[in-house]
Amino acid sequence: MNKLKVYIASPYTKGDTAINVKRQLDCVDELMTLGYAPFAPLYSHFQHMAHPRPYTDWVEIDLIWVGACDVVLRLEGDSSGADGEVAFAKENGIHVVYSIEELEEYRAKKTEEEQWLENDFNHPYVK
């Protein structure tokens, strides 16, 4: 089972945090239905409610998860934190998309490239 790991970058503190968390959870559900392995950093909202930590702690952990994912999905909305995650992804060669449609196109292209490589390396003249 080789699912693309998708980090969801979106607003949190600008606007209503509960609405922002719900929006990210809705996105997780949609991505799971489509066959992705999504990571929602706003899960930390609940951890922070029980055990508050400095903002810098969350940024550090979030960037570790960005680095562990195959692609970042940047949801629309003003967010310096999400913009920083996108910048980190780009600096580290992690693909960034801005919609689920664009994510689907990326997956199709990646799958096609993987199939081409698999067929090429399984060719009898390569062995």
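The values are calculated or read from the model by the stated rules, or taken from the named source; none is laboratory data. Everything numeric in this text was worked out from a predicted model, so none of it was measured. Cβ placement follows ideal geometry from the backbone for every residue including glycine, while neighbour counts extend to all protein chains displayed.
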Fill in the blank from the handout: When the stretch 82-94 is checked residue by residue, the ones that are surrounded by 16 or more Cβ atoms within 10 Å (Cβ to Cβ) and in contact with a helix residue (DSSP H, G or I) (Cβ under 7 Å, 6 or more places away or on another chain) are GLU85, PHE88, ALA89, ILE94
Handout entry: Unmet requirement for LEU4, which otherwise passes all of (1) under 16 Å from the mean Cα position of the chain (by Cα); (2) closer than 19 Å to GLU76 by Cα
Key = (2)
Fill in the blank from the handout: Checked pairs for the stretch 1-23, first on the phi < 0 side of the Ramachandran plot, second in a strand (DSSP E or B) and of a type in the set (Lys, Arg), C-beta under 9 Å and 6 or more apart or across chains, list as ILE8/ARG74; ALA9/ARG74; SER10/ARG74
Practice task
Could you figure out which of (1) in a helix (DSSP H, G or I); (2) out of contact with any Cys (no Cβ under 9 Å at 6 or more places or on another chain); (3) at pLDDT 95 or above; (4) under 23 Å from LYS14 (Cα atoms) isn't true of ALA89?
Solution key: (2)
Practice task
Filter the stretch 29-56 down to residues that are without any contact (Cβ under 8 Å) to a residue 24 or more places away in the chain and touching a Phe, Trp or Tyr at 6+ places or on another chain (Cβ under 8 Å) and give me whichever is surrounded by the most Cβ atoms within 10 Å (Cβ to Cβ).
Solution key: SER44
Handout entry: GLU60 among the acidic types (Asp, Glu), more than 10 Å from the chain's Cα centre (by Cα) and part of a helix (DSSP H, G or I)
Key = yes
Problem - Selection count where residues are of a type outside the set (Ser, Thr, Tyr) and either surrounded by fewer than 17 Cβ atoms within 10 Å (Cβ to Cβ) or free of Cβ contacts under 8 Å to residues at least 24 places away in the same chain (or both), scope the stretch 71-81 - result: 3
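Do we have ALA68 as among the small types (Gly, Ala, Ser) and surrounded by 17 or more Cβ atoms within 10 Å (Cβ to Cβ) here?
no
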Practice task
Report, by residue number, each residue of the stretch 63-77 that is assigned to a helix (DSSP H, G or I) and over 17 Å from VAL21 (Cβ atoms).
Solution key: LEU63, ILE64, VAL66, GLY67, ALA68
Completion exercise
Among residues of the stretch 8-55 being polar (S, T, N, Q) and not in a helix (DSSP H, G or I), the residue modelled with the lowest pLDDT is THR13
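Considering only the stretch 87-99, I want to know if a residue exists there that is over 30 Å from GLU112 (Cα atoms) and touching a strand residue (DSSP E or B) at 6+ places or on another chain (Cβ under 9 Å). Break it down stepwise before answering.
Taking the stretch 87-99 as the starting set, the residues that turn out to be over 30 Å from GLU112 (Cα atoms) are none.
The answer is no; no qualifying residue exists.
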